[in-house]
Amino acid sequence: MDTKEITFWLKLSRRNIRILLVFALISVGMAWAADSAQYPDNFRRWVHVGTGVILPGGVFPENEQGMHHIFANQKAVDGYVSGNFPDGAVIVYELREAQQKNGVIIEGERRRVDVMIKDASLYKSTGGWKFERFMGNQQLQDAVHDSGSSCFQCHINAKAHGFVFSQNR
């Protein structure tokens, strides 16, 4: 091989390496985006599925006491009808303090926001759902550190309705 041929192959190899690096970075970025926290903006403007109140003195632990609001985007609303939630369905479970004043129960500070995001191809081990939890008013830090498997241990009991406990009325 002469010098021109060696130079050609070195340039070609460098170019291929750069292309491979770009593809690798894109792949890592896509994987990171799929697993990064996805706090749903303006979820309180979605369809309100229902509200429940858990007061002290019952069988539920203290960290579950409060007002439980459930909101759904349009894809999730469609899934409530059949129990088959399509990819892109998002359900938000907002827990707020329940305060009693003069015999009236009102909502207080936000305790947490739990989010279910449906993507059957990405989250096969958890029924097609990604589970997230945001404490208080936090919107960036997901408090679920086990890819949702701890959440799914309970949600598996709702398999007949797409692993979703709530029902749209």
Can you tell me which of Gly128, Gly79 is on the phi > 0 side of the Ramachandran plot and not hydroxyl-bearing (Ser, Thr, Tyr)? Gly128
Within the stretch 105-142, residues open to solvent by 50 Å² or more (accessible area, probe 1.4 Å) and of a type outside the set (A, V, I, L, M) come out as Glu107, Glu109, Arg111, Ser121, Lys124, Ser125, Arg133, Asn137, Gln138, Gln139, Gln141
Number of positions in the stretch 99-155 that are in contact with a Phe, Trp or Tyr (Cβ under 7 Å, 6 or more places away or on another chain) and hydroxyl-bearing (Ser, Thr, Tyr): 2
Any residue in the stretch 25-47 that is assigned to a helix (DSSP H, G or I) sitting within a Cβ distance under 8 Å of a residue that is modelled with pLDDT of 75 or more and among the aromatic types (Phe, Trp, Tyr)? List the pairs, counting only those 6 or more apart or interchain. Phe43/Phe71; Arg44/Phe71
What are the pairs, 6+ residues apart or on separate chains, where a residue within the stretch 118-132 that is touching a residue at least 12 places away in the same chain (Cβ under 8 Å) has its Cβ under 9 Å from a residue that is basic (Lys, Arg) and open to solvent by 50 Å² or more (accessible area, probe 1.4 Å)? Lys118/Lys75; Gly127/Lys159
In the stretch 147-164, anything surrounded by 15 or more Cβ atoms within 10 Å (Cβ to Cβ) and either in contact with a helix residue (DSSP H, G or I) (Cβ under 7 Å, 6 or more places away or on another chain) or acidic (Asp, Glu) (or both) is listed as Gly148, Phe152, Gly162, Phe163, Val164
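The values are calculated or read from the model by the stated rules, or taken from the named source; none is laboratory data. What you are looking at is a predicted structure, and each value in this text was computed from that prediction instead of being measured. Every residue, glycine as well, gets a Cβ built from its backbone with ideal geometry; the counts of neighbours run over all protein chains shown. Ligands, DNA and RNA are excluded from the accessible area calculation, which covers all protein heavy atoms including side chains. Shrake-Rupley method; radii C 1.70, N 1.55, O 1.52, S 1.80 Å.
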